[in-house]
Amino acid sequence: MKLITQISRLLVGLLFIFSGLIKLNDPMGFSFKLGDYFAADVLNLPFLQDYTLPLALFIVVLEVILGVALLLGLWKNITAWLLLLMIVFFTFLTFYSAYFNKVTDCGCFGDAIPLTPWESFGKDVVLSVLIAIIFFQRKLIQPIFKPMASYITLGLSFFFCFWLGHQVLNHLPLKDFRAYAEGKSIVEGMKSAEEMGLEPTQYATIYTLENASTGESMKIDSKRYIDEGWWEKKEWQINSDLTETALVKEGYEPPIHDFVIDLGGSEITDQVLEADLIFLSIAYRMEKTDDAAYAKLNEFALAAADKGIPFLGLSASLPSVVSEKSEYLGLRFSIASMDETALKTIVRANPGIVLLKRGVIVKKWHFQDLPSFAELEGELF
């Protein structure tokens, strides 16, 4: 049993450190995922929506610290209890998400290793077994270093987490695993399975039919509904509130499917993607941005315009908010509307700046890192 316990200790410790560091590379992305879980149609915890980022930071740092403490053999009782409580909670969460198909990616390993809900649940079940072994055999866990060396190692781990979190929140993630990473083509990412010569994902629409005379109900897919002539049977009516979409066969899904830009009621997506060069200022919520950033963006936009390079703002804020903020800040560039999730995915900053060249992402900046246009002109143009 001692060998099994030590193997479990090693696997759980390393996995917790890896999982924590991957999410700490992009805590804002993990906070968005927590926001999905707190939504009204999932856990219905709207009062936590304003605290997703601090909660995300707390969880990922705790993951790393628990993994390090487990490997070091420090505080074995506290560590074992916290590991058990965490895995019980997350196993419930992933099962709930998988069974009710609420959140399609748990965010366990950020964007680096996307997992389906059932894959996430399976991973947590395996972890639950390993952590249960650690919990019930925690007396077999012994420190690997002297106390002082262990505390120094744990302290250094904490300060590394603090440094990394500060770095990525005030700049950008060290490694971008998303479809909008520098060098990626948005145009290529939007191509359908047919355009790529691949098999698309297949879905079926499932109707719930109810018999007006007998009160019976039954489920039937749309193909059978048409082929078998159920639409002709007047006593059977579709309850549209219970209509579902079911996955039939997994295939290729474009990584980018919601890049649509609207300016004043006109779609300008193609113009943006076909531009030789264009700067995009992305603020998924203008009401949550640092107003001081816009003075810098205004100056940059004017300098770009002097060189004939367009500068366009993108936001998911309500038109009234955009209009009010634009007037208040004296913005010298237009603000187009776009899906909030897409904007959050493109760049982890509010605002962030993206340089596109014929649909290819050349460079991305956190607003604090944006150089002057003169500096950039010599570097990129």
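Bear in mind that the values in this text are calculations on the coordinates, not laboratory data. Quantities reported herein were computed from a predicted structural model and do not represent experimental measurements. Note that each Cβ is placed from the backbone with ideal geometry, even for glycine, and that neighbours are counted across all protein chains shown.
Most simply put, the chain has about 75% antiparallel DSSP beta bridges, counting only bridges with both residues inside it.
Here is the list for region 183-238: GluC sites (Glu not before Pro) lying in DSSP coil, each with at most 16 other C-beta atoms within 10 angstrom of its C-beta, are Glu216, Glu228, Glu235. Among Ile78, Ile282, the order by Cβ neighbours within 10 angstrom, fewest to most, reads Ile78, Ile282.
Taken about its Cα centre, region 202-249 carries a charge dipole of about 180 debye when Lys and Arg each add +1 at the Cβ and Asp and Glu each add -1 at the Cβ. The stretch between Ala112 and Val248, if pulled fully straight at 0.36 nm per residue, gains 46.4 nm over its current Cα-Cα span. Estimated purely from DSSP H runs of n ≥ 4, each contributing -39500 (n - 2.57), the mean residue ellipticity at 222 nm for the chain is -15500 deg cm²/dmol once divided by its residues. A simple rule links phi to the HN-Hα coupling: the Karplus curve 6.51 cos²θ - 1.76 cosθ + 1.60 with θ = phi - 60°, which for region 135-149 gives 4, 7, 10, 5, 5, 7, 7, 10, x, 9, 10, 5, x, 4, 5 Hz, with x for Gly and Pro.
Based on C-alpha pairs under 8 angstrom that are at least 6 apart in sequence, the chain has a relative contact order of 15 percent.
Cross-linked pairs Lys23/Lys296; Lys307/Lys357; Lys288/Lys344: Cα-Cα separations exceed 20 Å for Lys23/Lys296. Within the same chain, aspartates and glutamates fewer than 8 places from Lys76 are excluded, and of the rest, those with a Cα less than 19 Å from its Cα are Glu63. Taking amide H as placed 1.01 Å from N in the peptide plane, the amide H of Tyr252 sits under 5 Å from that of Glu199, Thr201, each at least 5 places away or on another chain. Computed 3J(HN,Hα) for region 350-358, one whole-Hz value per residue from the Karplus formula 6.51 cos²θ - 1.76 cosθ + 1.60 where θ = phi - 60°, is 9, x, x, 10, 10, 9, 10, 10, 6, glycine and proline marked x.
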